[in-house]
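Trainee: Below is one structure. I have some questions about it.
The values are calculated or read from the model by the stated rules, or taken from the named source; none is laboratory data. This structure is a prediction, so every number in the text was calculated from the model and none was measured. In this analysis, Cβ positions are derived from the backbone assuming ideal geometry, glycine residues included, and neighbour counts consider all displayed protein chains. Calculation scope for accessible area: heavy atoms of the full protein, side chains included, ligands and nucleic acids excluded. Shrake-Rupley method; radii C 1.70, N 1.55, O 1.52, S 1.80 Å.
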Amino acid sequence: MRHILSVLVNDQPRVLARVANLLGRRNFNIESISVGESEEPGLSRMVIVTNGDERTMEQVQKQLHKLIDVIKIQDLNEHSAVERELLLIKVGAGPATRMEVSGIVEPFRASVVDVGPHSLMVQATGERSKLDALIELLRPYGIKEVARTGVTALPRGTAKTPVPAGS
Amino acid sequence: MAQRLAMPVKEKTQTGQSHQEFTGSEILLRCLIEEGVEVVFGYPGGAVLPIYDSLYHGALKHLLARHEQGAIHAADGYARATGKAGVVIATSGPGATNLVTGIANAQMDSIPLVCITGNVAQHLIGTDAFQEADITGITMPITKHSYLVTDVKDLPRVVKESFYIATSGRPGPVLIDIPKDVSNARAAYRYPDRVHIRGYQPKTDPHPLQVNRLHQAIREAEKPLILAGGGVVTSGAEKELIAFAEKAHIPVTTTLMGLGGFPGQHPLWLGMPGMHGTYAANNALLECDLLIGIGARFDDRVTMGRLDKFATGAKIVHIDIDPAEIGKNVDTYIPLVGDVKQSLSAALDTVPRAHSDIWVERVQTWFREKPFTFRDSDEVLKPQWVIRHLYESTGGDAVVTTDVGQHQMWVAQYFPFARPRSFITSGGLGTMGFGFPAALGAQLAHPDATVISVTGDGGFQMTSQELAVASLANIPVKVAVINNQCLGMVRQWQEVFYKKRYSEVDLADSPDFVKLAESYGVKAWKAENKEEAARVWSEALSHPGPAVVDFRVAPEENVYPMVAPGSGLDEMIMGEEDE
């Protein structure tokens with residue numbers, strides 16, 4: 001089962017390497033990792049998308065907790081959470097097809113952020129499945145380049161106060 | 001130099017504070033002394049020149065190994081013998097990478113080490129400078145934690161945290177990488193008196209609810225068994241374990257790392273379980289209805305990786321300070337996260353006595369009637385006889401170290417350890433060449449103890465250069481080389497699983513170990529039969545300095561019983577009976 005882990009870590013050099021190294025060495029699957037500043041100075045929030053059964057997920061959390069730089073872990077599957085990813089995609093589009101592409105993009109609330117003589121760059125945010133769908137619709141025009149940030153997520157305000165996984 | 005001498009390291013101000021500035025190296029040295037470090041093991045080089053310059057005072061005893069691997073194994077042996085953190089210093093690049101095996105060895109067996117490496121100056125880091133290696137990156141998977149110190153002002157906190165992390169919770173090795181410019185930079189010195197690490201607060205006291213559940217499980221059990229591991233030794237819980245086992249009337253099997261954690265002379269002891277374990281221990285694991293794992297991690301040399309055949313009828317209780325160990329290898333019915341000593345103490349007062357009389361009698365009969373066996377000989381020396389003789393000649397009052405392989409298993413089988421920390425072995429990593437330098441460290445920790453390094457002709461050659469240290473520092477370790485002229489355990493596997501296709505296991509062209517030892521100024525003997533063995537071993541024991549005895553043993557001897565990999569504990573290949 002797919003799980004999204006929100007991991008609060010010390011904003012230290014190599015902390016990403018420590019986490020990625022651990023997940024790799026223990027043979028845990030990583031779909032994506034995104035990392036950035038958190039609400040607290042000195043701490044970063046890592047959002048890790050991983051796959052595994054209950055036993056594996058328990059091990060992932062416990063092993064992550066052993067890292068000195070890991071402060072707190074939440075499994076967002078246990079909460080109602082907002083999950084987003086940013087997609088930038090460059091598709092082939094000349095003067096004849098620009099309007100067509102724009103038409104596809106619009107219902108996704110995506111936007112055209114760059115126009116070249118033979119291509120368009122589209123920016124979209126949303127859940128992973130939505131971005132996958134957009135990519136499929138754009139594929140016939142010729143996908144030149146794709147960049148995705150990986151998932152980031154937060155529990156919803158209606159969710160119960162999250163309990164640290166280790167306690 | 002004048003300024004350095006003007007501030008002797010041992011002098012301390014009342015408050016521990018000083019406005020005077022010191023170099024990073026001097027600060028490091030002060031921190032080590034503040035931590036109560038008695039001896040450091042190491043090897044100098046370019047990036048640690050400032051550190052070695054600060055050692056010039058002799059304020060801290062330093063043992064110069066002949067290879068960094070020897071230094072770190074010695075520090076490890078010291079740590080295992082004392083429970084304190086072992087400290088090792090190595091230079092950047094090759095010095096640091098030579099520590100890697102030793103760090104992994106300590107990590108696998110949860111041994112507290114503080115490993116200090118020099119690195120190139122910070123402006124050179126990342127430039128592939130001379131003797132540069134990314135040692136924090138290299139050791140990331142094999143350390144409990146690591147630091148690359150970028151500011152001399154951080155050094156006291158980093159050292160304080162390193163010792164705390166290394167020795168608390170589930171212990172392990174911590175690496176401190178210090179670039180040369182940090183060693184040379186100056187700062188005021190103040191050693192922090194406490195540690196607060198937000199992401200590291202090991203839980204040591206067990207949950208009372210789980211203790212109650214443990215009691216209930218014992219009350220209901222008819223065939224309970226304790227599987228005691230290295231955690232018992234680490235937490236110093238031997239007294240609590242004896243009291244607990246006796247009060248609850250539960251037999252005890254001790255893993256390789258747990259040997260000595262429960263006395264090998266105790267009537268409730270069943271010996272070691274697993275691949276080369278006793279019939280009694282393995283059968284007890286198969287048949288028990290309650291299995292209490294205490295500071296043991298259910299590794300594949302115990303379970304054989306065949307969980308479908310491991311304690312299948314048992315409720316499993318797991319007491320461990322590391323929550324990640326619980327549920328890692330076996331499903332746990334009652335998890336008890338906490339320090340072993342505290343957990344057993346908490347459980348001891350009101351622990352019920354199990355209805356285990358019939359069971360205990362049964363397993364004791366197994367233990368009595370199916371001991372380890374070998375066919376003894378008066379013509380050739382049998383390795384099992386040698387180990388038993390080491391035990392009998394010392395009355396078991398010795399600290400014994402080993403590498404990995406046949407000699408290690410024979411020690412585990414034929415030397416029943418009575419005390420914790422008297423058996424020092426490379427358990428998890430299985431490192432050849434560990435035992436001899438580890439014995440040097442153990443002997444420094446216990447100068448008056450009889451310290452025996454039981455090694456093989458293969459393993460001894462991996463770190464025999466440390467004979468120089470034994471000789472020069474007159475460290476009276478007794479080396480017992482179980483010399484079967486081959487790489488015994490590999491040969492055994494090739495015999496049993498590869499149709500006797502012996503591939504690269506012949507060590508018959510090894511040097512004469514007597515001459516080798518003598519060239520280092522170490523007294524040495526050779527023995528080819530029992531009579532010689534008894535005589536020269538006695539001489540070696542009474543010799544005041546280091547000694548080597550080359551026991552020429554029967555090369556074809558195998559370690560039995562044996563459970564083949566992929567088999568369950570119910571498929572033991574038993575050894576030959578004595579005629």
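Trainee: Given the criteria open to solvent by 60 Å² or more (accessible area, probe 1.4 Å) and at pLDDT 95 or above, does B:I316 qualify?
Mentor: Against the criterion (open to solvent by 60 Å² or more (accessible area, probe 1.4 Å) and at pLDDT 95 or above), B:I316 does not qualify.
Trainee: Moving to a separate point now. Hey, does segment B:527-543 have a residue that's open to solvent by less than 10 Å² (accessible area, probe 1.4 Å) and in contact with a Pro (Cβ under 6 Å, 6 or more places away or on another chain)?
Mentor: Among the residues of segment B:527-543, not one is open to solvent by less than 10 Å² (accessible area, probe 1.4 Å) and in contact with a Pro (Cβ under 6 Å, 6 or more places away or on another chain), which makes the answer no.
Trainee: Can I ask one more? Need pairs with beta-carbon distance below 6 Å; first residue under 14 Å from B:G70 (Cα atoms) and within segment B:419-434, second surrounded by 24 or more Cβ atoms within 10 Å (Cβ to Cβ) and among the acidic types (D, E); sequence gap 6+ or separate chains.
Mentor: Once the first residue is under 14 Å from B:G70 (Cα atoms) and sits in segment B:419-434, its partners that are surrounded by 24 or more Cβ atoms within 10 Å (Cβ to Cβ) and among the acidic types (D, E) give B:M432/B:D403; B:F434/B:D403.
Trainee: Looking at segment A:14-34 only, could you name the residues that are more than 14 Å from chain B (Cβ to nearest Cβ) and either closer than 18 Å to A:K66 by Cα or open to solvent by 50 Å² or more (accessible area, probe 1.4 Å) (or both)?
Mentor: A:N29, A:I30, A:E31
Trainee: Restricting to segment B:475-494, count the residues that are open to solvent by 50 Å² or more (accessible area, probe 1.4 Å) and in contact (Cβ under 8 Å) with a residue 12 or more places away in the chain.
Mentor: 2
Trainee: Among the candidates A:E85, A:E100, A:E37, which residue alone is surrounded by fewer than 14 Cβ atoms within 10 Å (Cβ to Cβ), away from chain B (no Cβ under 14 Å) and touching an Asp or Glu at 6+ places or on another chain (Cβ under 9 Å)?
Mentor: From the options A:E85, A:E100, A:E37, the qualifying one is A:E37.
Trainee: Okay, moving on. From the list B:T150, B:T91, exactly one residue is touching an Asp or Glu at 6+ places or on another chain (Cβ under 9 Å) and of a type in the set (S, T, N, Q). Which is it?
Mentor: It is B:T91.
Trainee: Also: Of all residues in segment A:126-140, which are open to solvent by 50 Å² or more (accessible area, probe 1.4 Å) and in contact with a strand residue (DSSP E or B) (Cβ under 8 Å, 6 or more places away or on another chain)?
Mentor: Matches in segment A:126-140: A:E127, A:R128, A:K130.
Trainee: Something else: Under 8 Å by Cβ, and 6 or more places apart or on different chains, what pairs join a residue from segment B:176-204 that is more than 14 Å from chain A (Cβ to nearest Cβ) and open to solvent by less than 20 Å² (accessible area, probe 1.4 Å) with one that is in a loop (DSSP other than H, G, I, E, B) and of a type outside the set (K, R)?
Mentor: Final answer for the pair search is B:I178/B:V149; B:V182/B:V149; B:V182/B:T150; B:V182/B:D151.
Trainee: Tell me which residues, restricted to segment A:4-13, are at the interface with chain B (Cβ under 10 Å from one of its Cβ atoms) and either surrounded by 16 or more Cβ atoms within 10 Å (Cβ to Cβ) or in contact (Cβ under 8 Å) with a residue 40 or more places away in the chain (or both).
Mentor: Matches in segment A:4-13: A:L8, A:V9, A:N10, A:Q12.
Trainee: Can you spot a residue in segment A:71-80 that is basic (K, R) and not assigned by TED's automatic domain parsing to the domain that holds A:L23?
Mentor: Within segment A:71-80 (the criterion being basic (K, R) and not assigned by TED's automatic domain parsing to the domain that holds A:L23), the answer is no, since none of the residues qualifies.
Trainee: List the helices (runs of 4 or more DSSP H) inside segment B:486-579, counting only whole elements, that have at least 1 residues being at pLDDT below 95, in the same structural domain as B:A473 (by the TED database) and not basic (K, R).
Mentor: Qualifying helices (runs of 4 or more DSSP H): B:488-497.
Trainee: For A:M1, only one of the following conditions fails: (1) open to solvent by 50 Å² or more (accessible area, probe 1.4 Å); (2) closer than 21 Å to B:D134 by Cβ. What is its number?
Mentor: (2)
Trainee: Just a yes or no: is a residue in segment B:551-565 open to solvent by 20 Å² or more (accessible area, probe 1.4 Å) and β-branched (V, I, T)?
Mentor: Within segment B:551-565, none of the residues are open to solvent by 20 Å² or more (accessible area, probe 1.4 Å) and β-branched (V, I, T).
Trainee: Counting only residues that are in a loop (DSSP other than H, G, I, E, B) and among the acidic types (D, E), how many does segment B:314-355 have?
Mentor: Residues flagged as in a loop (DSSP other than H, G, I, E, B) and among the acidic types (D, E) within segment B:314-355 amount to 4.
Trainee: Let me ask something else about it. Residues that are on the phi > 0 side of the Ramachandran plot, in contact with a Gly (Cβ under 6 Å, 6 or more places away or on another chain) and not β-branched (V, I, T): does segment A:123-137 have at least one?
Mentor: Checked segment A:123-137: no residue is on the phi > 0 side of the Ramachandran plot, in contact with a Gly (Cβ under 6 Å, 6 or more places away or on another chain) and not β-branched (V, I, T).
Trainee: Assess whether B:W385 counts as being more than 21 Å from B:G260 (Cα to Cα) and surrounded by 15 or more Cβ atoms within 10 Å (Cβ to Cβ).
Mentor: No.
Trainee: If only one of B:T139, B:T150 is in contact (Cβ under 8 Å) with a residue 12 or more places away in the chain, open to solvent by 10 Å² or more (accessible area, probe 1.4 Å) and not assigned by the TED database to the domain that holds B:P273, which one is it?
Mentor: Exactly one of B:T139, B:T150 is in contact (Cβ under 8 Å) with a residue 12 or more places away in the chain, open to solvent by 10 Å² or more (accessible area, probe 1.4 Å) and not assigned by the TED database to the domain that holds B:P273, namely B:T150.
Trainee: Quick one: is B:A243 under 16 Å from B:L291 (Cβ atoms) and not charged (D, E, K, R)?
Mentor: no
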